[in-house]
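The values are calculated or read from the model by the stated rules, or taken from the named source; none is laboratory data. Please read all numbers here as calculations on a predicted model, not as lab measurements. FYI the Cβ positions are ideal-geometry reconstructions off the backbone, even for glycines, and counts take in every protein chain you see. For the accessible areas, the whole protein counts, side chains as well, though only heavy atoms, and no ligand, DNA or RNA atoms are used. Shrake-Rupley method; radii C 1.70, N 1.55, O 1.52, S 1.80 Å.
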Amino acid sequence: MRVWFNRSFSSVHTAIDLIRQADSDQRFTILHSNPNPSSPVARIAHEFHLEPTGLTTADYIGWCVEFCRKHRVDIFIPGREATAIAGAHAHFEAIGTRVQSAASEAALQLIHDKARFYAETALPLAPVAEFRPFEDAAAFEAAYDHLRRRHAKLCVKPTHSIYGLGFAVLDEERSSAELLMAGAEYHVSLADFRTGLAKLGNFRSMLLMEFLEGREYSVDCVGDNGHLVTAVVRRKSTQAGAGQRIDQRADILEATAQLCHAHGLNGIFNVQFREAGGKPRLLEINPRMSGGIGMACVAGPNLPYISLRGFADGYEGLEIAAVRDRIRVAELARAVELA
């Protein structure tokens, strides 16, 4: 079967490597495309193709359909424009290509809009942090007045973002210069933030939220249209270089299964939690592979291969390795020469 990963996040390199390691029968031919001819993924895919740049979403989907037709793609696992492609399955099905989307187009739109996602999420096992959206300085002040009375520390982040870009804890005591000198990452001076907002007028939608002080958990999952097939829970360390601990907490796994069912999640996805008062709180769903997917797979299940085999043949009877709970995992980078 010919399987295509289009332009995606850097974790696609790990995913393809893991699939090829497990595919002892060499059943899958892996194609990858990227606008960068020097992409490291070109070294590991069976076939590499250049992608165009500058296309509209509609034109890019048209290019994808033609790519699938020309290269006889059986399964397409989209990264770039994944949300729009989720709404265009019929175009691919008409030429014999199956698309493994993480959810429906509507569900993906909801997941990516954190304000709407938080407002509509009911998850008693791991409730979301209390929040208020704001798009101007006045709305920020109203939100701050409300939340600061209830929580000792607050943070901000964009309604639409990835990789934690735009996230910062509001520091009520230090200036931005003091924070910089102290090397305080992901912090911003409250006074300087207020001054900046007043100068901006209106801006993109942001969230003011209670800051959760506890440990962070990252759950790498495989879903089958709303059924959680398998999941690996990684507990992140607060100490640099200490790696991460596999911690199959029953409450986190059950909360993840409920989210999978509620949003019809499919293929590989990731869920982030953080503790508060010893209990998990939901941060977000990432409807894609996480950057730590390789560490999760060290614990047993080869998630990219399980996801692909299950989508290709069905999950019934598919052998899935048990998770080695409590082990400690880490990633080690290595240098390579690019062609």
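A few comments on the model shown:
- Listed by position, the helices (runs of 4 or more DSSP H) inside the range 77-116 whose residues that are over 21 Å from S307 (Cβ atoms) number at least 2 are 89-93, 105-112.
- Residues being touching a strand residue (DSSP E or B) at 6+ places or on another chain (Cβ under 6 Å) and open to solvent by 60 Å² or more (accessible area, probe 1.4 Å) - total across the range 72-91: 1
- Residues that are over 18 Å from E284 (Cβ atoms) and among the acidic types (D, E) within the range 216-245 comprise just one, D224.
- Identity of the residue in the range 204-220, under 18 Å from the mean Cα position of the chain (by Cα) and surrounded by 20 or more Cβ atoms within 10 Å (Cβ to Cβ), that ends up farthest from Y144 (Cα to Cα): D220
- Residue satisfying all of: in the range 128-146; crowded, with 18+ Cβ neighbours inside 10 Å and more than 23 Å from the chain's Cα centre (by Cα); farthest from E275 (Cα to Cα) among these: A137
- Among the residues of the range 248-280, none is identified as small (G, A, S) and touching a His at 6+ places or on another chain (Cβ under 8 Å).
- Complete set of residues in the range 170-198 that are touching a residue at least 60 places away in the same chain (Cβ under 8 Å) and either among the acidic types (D, E) or open to solvent by 60 Å² or more (accessible area, probe 1.4 Å) (or both): A198
- The range 262-314, subset part of a strand (DSSP E or B) and open to solvent by less than 10 Å² (accessible area, probe 1.4 Å), residue farthest from V156 (Cα to Cα): G267
- Exclusive hit being closer than 30 Å to E105 by Cα and either touching a residue at least 24 places away in the same chain (Cβ under 8 Å) or open to solvent by 20 Å² or more (accessible area, probe 1.4 Å) (or both), set G241, G223, G201: G223
- Given (1) closer than 30 Å to A322 by Cα; (2) touching a helix residue (DSSP H, G or I) at 6+ places or on another chain (Cβ under 8 Å); (3) at pLDDT below 95; (4) not hydroxyl-bearing (S, T, Y), number of the condition L265 does not satisfy: (3)
Quick grid of which residues meet (1) open to solvent by less than 30 Å² (accessible area, probe 1.4 Å); (2) closer than 18 Å to N34 by Cβ; (3) touching a residue at least 40 places away in the same chain (Cβ under 8 Å); (4) of a type in the set (A, V, I, L, M, F, W, C):
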site: E66; (1), (2), (3), (4): no, yes, no, no
site: K70; (1), (2), (3), (4): no, yes, no, no
site: E93; (1), (2), (3), (4): no, no, no, no
site: K114; (1), (2), (3), (4): yes, no, yes, no
site: A119; (1), (2), (3), (4): no, no, no, yes
